[in-house]
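J.: Below you will find the structure I want to go over with you.
Derivation of every value follows stated rules applied to the coordinates shown; laboratory data play no part. On a predicted model such as this, the values are computed, not experimentally measured, just so you know. So basically every Cβ, Gly included, is an ideal-geometry build from the backbone, and we count neighbours across all protein chains shown.
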Amino acid sequence: MTDNGIVEQVLQIAVEAGREILDIYEKDYDVIEKADGSPVTVADHRAHELISRRLEPLIPLTPVLSEESSGITAAERMDWQRFWLVDPLDGTKEFIKRNGEFTVNIALIEAGLPVLGVVHTPVRAMSHFATVGQGAWRRTEGCDNERIESSHYNGGAARMVVSRSHSGSAVDRFREALAQCSGHGVETVSMGSALKVCLVAEGSADVYPRLGPTSEWDTGASHCILNESGGRIMDCAGNNLQYNKPSVLNPWFIAVGDPRYDWISVCPDLSG
């Protein structure tokens, strides 16, 4: 189900959703606050509608779970062995700020694990994508596909990417502990959306500690990409993230480029 034909179609769907988003990007639009306090715009809804409509016939009888979905209960989801997991506009805060750091995320989940992932960045006309066993790739409009690989880390100055809009004291503790453990400073880069995990996947960063709330649709696509690049996403106990749980909330996690390094012992007092 994850052959090249499927991947290409998902890439095209993500690109088309990106065009819908860019159509709104420079216009005036209303921002609505959802029940959890997070913002949503007409761009979120238009991308959601396009992606849901286009994915539905791609693999017959495969449901779609999107951040903008409604009416899908946990009890209903528990029967799903395979489904599409979508964030139609990841980084709505970055979209509102107009800094370009927002993405379209589409993942295919099978038996609780991501087997296909596409993260498209509309402003950059760039896509990161992967399927299980086929490696991780980056495509920029007008250029050939580039295979991407995460970086090895053997100590020394670490490159850490952090959320531009969501950080906090736990991330500060992790940064300080990493600097002390390595005996060197930590180079920190701020970024929005799933691009943070993609930076680790392409070897531009060593670690991304997400020590705060996220949902499954925030990570499904980039999780597959990082896995296939040689990296890993794990919770603060060292367990792999799982999908289609009774709650769609993820535990706190650390995305790393080199799973051989003992990132968990860097700051063992973390919990989420």
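J.: Tell me, in nm to one decimal, what length is gained between E76 and H45 on full extension, where the rule is 0.36 nm per residue of separation less the Cα-Cα distance?
T.: Residue separation times 0.36 nm, minus the Cα-Cα distance, leaves 8.9 nm.
J.: Something else about it: Measure nothing but the geometry: give the 0 to 90° angle between the long axis through the Cα atoms of 169-182 and the longest principal axis through the Cα atoms of the chain, rounded to 10°.
T.: 50 degrees
J.: Can you run phi through the Karplus equation (6.51, -1.76, 1.60; θ = phi - 60°) for region 95-100 and list ³J(HN,Hα) in whole Hz, with x for Gly and Pro?
T.: Once θ is set to phi - 60°, the couplings for region 95-100 become 4, 5, 6, 6, 9, x Hz.
J.: Kindly express, to the nearest 10 degrees and within the range 0 to 90, the angle between helix 4-25's C-alpha long axis and the longest C-alpha principal axis of the chain.
T.: Tilt of helix 4-25: around 90 degrees.
J.: How much mean residue ellipticity at 222 nm does the chain get from its helices, if each DSSP H run of length 4 or more adds -39500 (n - 2.57) and you divide by all residues, to the nearest 500 deg cm²/dmol?
T.: Estimated from H runs of four or more residues: -9000 deg cm²/dmol.
J.: Just to be sure I understand: of the beta bridges DSSP finds with both ends in region 51-198, what percent are antiparallel, rounded to 5?
T.: Percent antiparallel among DSSP bridges in region 51-198 is about 75.
J.: Enumerate the whole-percent occupancy of each 10 Å bin, from 0 to the last occupied one, for all C-alpha pair distances of region 4-148.
T.: P(r) for region 4-148, in whole percents per bin: 11, 42, 34, 12, 0.
J.: Another question, then. Average projected area of the Cα convex hull of the chain, in nm²?
T.: 13.7 nm²
J.: Here's something else I'd like to know. Helix 216-229 against the longest principal axis of the chain: what's the angle in degrees, Cα atoms only, rounded to the nearest 10?
T.: 60 degrees
J.: Among A170, G155, G142, flag the residue with its Cα farthest along the positive direction of the charge dipole of region 138-179, charges on Cβ as +1 for Lys/Arg and -1 for Asp/Glu.
T.: Positive-most Cα among the choices belongs to A170.
J.: Shifting gears a bit: Might you report the magnitude of the Cβ-based charge dipole of the chain about its Cα centre, with Lys and Arg at +1 and Asp and Glu at -1, to the nearest 20 debye?
T.: 340 debye
J.: Rank W263, L116, L226 by how far each Cα sits towards the positive end of the charge dipole of the chain (+1 on Lys, Arg Cβ; -1 on Asp, Glu Cβ) and give me just the farthest.
T.: The residue sitting most towards the positive pole is W263.
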